[in-house]
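The structure appears below as structure tokens.
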Amino acid sequence: MKHIFKLTIAVISVCAAFTSCNNSGKSDKKSGALAGNVAEKVYVAPGEHDEFYAFISGGFSGQLSVYGLPSGRLFKVIPVFSQDAEKAYGYNEETKPMLNTSHGFVPWDDSHHPDISQSNGVIDGRWVFINGNNTPRIAKIDLSVFETTEIIEIPNSAGNHSSSFVTENTEYVVAGTRFSIPVPQRDMAIKDYKGNFKGALTFISVDPEHGHMDIKFQLIMPGFDYDLSHPGRGKSHGWFFFSTYNTEEASTLMEVNASQNDKDFIAAVNWKKIEDYVNNGGGTMMPANYTHNVYDDRTHAATSTMKKEVLTVNPLDVPGAVFLMPTPKSPHGCDVDPTGEYIVGSGKLSANLTVHSFTKMLNAIENEEFSGDAYGIPIINFESSLAGVVEQPGLGPLHTEFDDKGNAYTTFFISSEVVKWKVGTWEVVDRQPCYYSVGHLMIPGGNSQKPFGKYVVAMNKITKDRYLPTGPEVTQSAQLYDISGDKMELLLDFPTVGEPHYAAGCPADLIKPRSRKIFNLEDNAHPYAAKSEADTKVVRDGNIVHIYMTTIRSHFSPDNIEGIKVGDKVYFHITNLEQDYDVPHGASIIGANTSEILIMPGQTETFVWEPKQEGVWPFYCTDFCSALHQEMQGYVRVSAANANTPLKWSLGEDIE
């Protein structure tokens, strides 16, 4: 215990030394982070496009942000797990179902790890998947429209952290639990954690054409914490690797009690073998409640379905499918190089980086070179799978990615740096400081067989003295390094939507040709769409009123409505008749207990208004759309609940 206490104090002291940065406002230009004229390397001239898209997770914002590289310009915030007033996501009637869960309507989450779909081991730019960490969910973003189109909840999980990484043909996206829990959930004493709590590793199948997701099976593992994961590729295709910590199965004072073991594990899962087992009738159906939410871009609306069971697999029922590789100590990252041969474990409390060999792992399995088992799962001898060690590269290793020249890049949280080392020789060849306390890093395509080894993006947790002060918290930050030469070069700091955890990068040329410019009006299958001004109308059904409205530069149709009464529930169904690129329209009205809605060309969206007062209430376009945007408005007359005011509407003439 004294040893652990001293270690904890040492780590805190080192961390404080690196993060207690100079706040005096002074700088020495000769010793600054940027040497030489690097501005031209990140400058993207007006009218020109960035070379890469970077999709950076929003962490506690629950969103996914889109930046250009090398400029660092923010292009879009894609709403995923959190309501977004700018786009009405989670506010309008069409997208509210996307945020349904078995716990009810949950309009927030903690988004951590995006990953881009792959074909033949190479990123293909079709979809981005990202995890909701708090209320376990996996979302899919369609990169033809940059919108969230599917969210599936993960049962038997808590802290959906080792997610959402895809296999090299996007056969599966995984969702690994961070916190082990009783499976199935039940009332039990927390002190009985050991041996009773379980960890679920969920394999979600992805339809190769449309991307539709479905839970194929859940592997019910020992009650460790599962931190990060990556798929095998190339020679190791068919396997998935998960880092674990808390193999002590502690449940209190975790910074001490979960740091006792000298080594934790990387769990190696042969998903191909389990897939065959399941396809031949294996596994056990378990009762479960979880939602599956799907957005349809023809109806421009989402539906939410509650699922009632999930297929579970006991690893002991599939011999040869799951093995444990000892890895020092409390590993965070679990990263696979482009060839699929090397698996890097980043032990946060280890002085070295441990690299496992897939080939040696298979040989050890074949020769039964085991040191024991954990709940019946074989533990491979440490030396039997060991490929090599990167000796004392830095303090607090977290995450590794790879370039296209045989190099690896690892972040070190405590020593605040990115370290470059050679795969195979394990020698450190370069290091560059970060500002400060770096977490993950990203090389476009660095999680695939084909990295685009030009840039690395480091995502930092602390930025004191780097930006203008904004109260007690300074903006979240990313830093861009040029890795095209022998030495890394820091090019740019840029603020990010907080808190960035991980990112995925893709050449812009993979995505731009697929980008949709409009929704074809003739394909609009929304049940309340008005595809021309002749289709507009107002319909009453008791105290429910449906307004079929259109918008086009620069008016609404109808623009005057009478006969609405206090106590009515009024649905504005607004169709944007534009068929021109980048001409959305917005709409809102005084007293609407929701956000504005933002309607893309050819799309229909709905907001609800429940008037509480008599009067004449204006509505207007909220998105500047033309020179006559200010004139784009209308009025709704609201009468008393018992009034006899007839229901009427008009465009361009007075209501008689």
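The values are calculated or read from the model by the stated rules, or taken from the named source; none is laboratory data. Keep in mind that this is a model prediction, so the values were computed, not measured. For neighbour counting, all protein chains shown are included, and Cβ atoms are generated from backbone atoms with ideal geometry for every residue, glycine included. Please note that ligands, DNA and RNA were not included when accessible areas were found on the heavy atoms of the full protein model with its side chains. Shrake-Rupley method; radii C 1.70, N 1.55, O 1.52, S 1.80 Å.
Report the net charge of residues surrounding S71, where surrounding means a beta-carbon distance below 13 angstrom and charges are Lys +1, Arg +1, Asp -1, Glu -1.
Once positives and negatives cancel, what remains is -3.
So the label point goes 7 Å from the Cα of R540 along Cα→C-beta, right? Which residues of the stretch 558-583 then have their backbone N under 20 Å from it?
558-573
Under the rule of -39500 (n - 2.57) per DSSP H run of 4 or more residues, summed and divided by the residues of the chain, what mean residue ellipticity at 222 nm is obtained, to the nearest 500 deg cm²/dmol?
-2000 deg cm²/dmol
For the stretch 97-237, evaluate the Debye formula with one uniform point scatterer on each Cα (no solvent term) and list log10 I(q)/I(0) at q = 0.17 Å⁻¹, rounded to two decimals.
The Debye formula, applied to the Cα set alone, gives -0.90.
Please report the Cα spread of the stretch 164-267 along all three principal axes, rounded to whole Å, starting with the longest.
47, 32, 17
Which of the chymotrypsin sites (Phe, Trp or Tyr not before Pro) found in the stretch 393-493 are in a DSSP loop and have at most 16 neighbouring Cβ atoms, other than their own, within 10 Å?
Here the chymotrypsin sites (Phe, Trp or Tyr not before Pro) that fit, given the DSSP loop and packing criteria, are Y467.
Quick one: accessible area per residue over the chain, 1.4 Å probe, rounded to a whole number of Å²?
Accessible area per residue: 40 Å².
If you build the Cα gyration tensor of the stretch 483-589 and take the root of 5 times each eigenvalue, what three semi-axes come out, in whole angstrom, biggest first?
Working through the eigenvalues yields semi-axes of 45, 19, 12 Å.
Which translational diffusion coefficient, to the nearest whole µm²/s, is obtained for the stretch 538-602 from the Stokes-Einstein equation, given a Kirkwood hydrodynamic radius over C-alpha pairs, 10 °C and 1.306 mPa s?
Estimated via Stokes-Einstein, D reaches 123 µm²/s.
Rounded, prolate or oblate for the stretch 271-419? Axes are the square roots of the Cα gyration tensor eigenvalues, ordered a ≥ b ≥ c, and the cut-off for rounded is a/c under 1.5.
It is oblate, given that a/c is not under 1.5 and a/b is not larger than b/c.
Got a number for the accessible area of V294? Probe 1.4 Å, square angstrom, nearest 10.
Accessible area of V294: about 40 Å².
Quick check: with the 1.4 Å probe, what order do L468, L349, L490 take by accessible area, largest first?
In descending accessible area the options line up as L468, L349, L490.
What FRET efficiency would be calculated for the residue pair M188, E631, taking the C-beta separation as r and a Förster radius of 45 Å, to the nearest 0.05?
It comes to 0.10.
Taking the stretch 461-553, which GluC sites (Glu not before Pro) meet the DSSP loop condition and have no more than 16 other C-beta atoms within 10 Å?
E473
Applying 1/(1 + (r/R0)^6) with R0 = 45 Å to the Cβ-Cβ distance of K450 and I379, what FRET efficiency is obtained, to the nearest 0.05?
0.85
Put +1 on the Cβ of every Lys and Arg and -1 on every Asp and Glu Cβ in the stretch 240-375; which of A258, V336, Y290 then has its Cα farthest towards the positive end of the dipole?
Comparing the listed Cα positions along the dipole, Y290 ranks first.
Of the accessible area of the chain, with the probe set at 1.4 angstrom, what percent is carbon plus sulfur?
Carbon and sulfur atoms account for 52 percent of the accessible area of the chain.
Using θ = phi - 60° and the Karplus form 6.51 cos²θ - 1.76 cosθ + 1.60, what ³J(HN,Hα) does each residue of the stretch 592-602 get, whole Hz, x for Gly and Pro?
Values per residue, Gly and Pro as x: 5, 8, 6, 8, 5, 10, 10, 10, 6, x, x Hz.
At 1.4 Å probe size, what's the solvent-accessible area of K537? Round to the nearest 10 Å².
Accessible surface of K537 is approximately 80 Å².
What share of the DSSP beta bridges in the stretch 470-585 is antiparallel, in percent to the nearest 5?
Looking only at bridges with both residues in the stretch 470-585, the antiparallel portion is about 60 percent.
What is the spin-label model distance, in nm, from N363 to K531 if the labels are put 7 Å beyond Cα along the C-beta direction?
It works out to 6.6 nm between the two label points.
In vacuum, with every alpha carbon of the stretch 437-502 counted as one equal point scatterer, what does the Debye formula give for log10 I(q)/I(0) at q = 0.17, 0.22, 0.29 Å⁻¹? Two decimals, please.
Once normalised to I(0) and log-transformed, intensities are -0.62, -0.92, -1.26.
What does the charge add up to near K307, with Lys and Arg as +1, Asp and Glu as -1, over the other residues with Cβ less than 10 Å from its Cβ?
That sum, taken over residues with Cβ under 10 Å, equals -2.
For the chain, list the DSSP H helices whose alpha carbon atoms reach 20 Å or more along the long axis and whose average Kyte-Doolittle value is -0.5 or above?
The qualifying helices are 2-19.
Averaged over all directions, how much area does the convex hull of the C-alpha atoms of the stretch 234-329 cover when projected, in nm²?
So the mean shadow area of the Cα hull is 10.5 nm².
How long are the three semi-axes of the equivalent ellipsoid of the stretch 350-453, in whole Å, if each is the root of 5 times an eigenvalue of the C-alpha gyration tensor, listed from largest down?
28, 16, 13
Throw me the Rg/Rh for the chain, computed over C-alpha atoms with Kirkwood Rh, two decimals.
1.02
Could you report the accessible area of E369 in Å², rounded to 10, computed with a 1.4 Å probe on the protein chains as they sit in the structure?
Solvent-accessible area, nearest 10 Å²: 60 Å².
Debye sum, Cα scatterers, the stretch 61-164, no solvent: what log₁₀ I/I(0) at q = 0.21, 0.22, 0.23 1/Å?
Results for the stretch 61-164 at q = 0.21, 0.22, 0.23 Å⁻¹ read -1.13, -1.21, -1.29.
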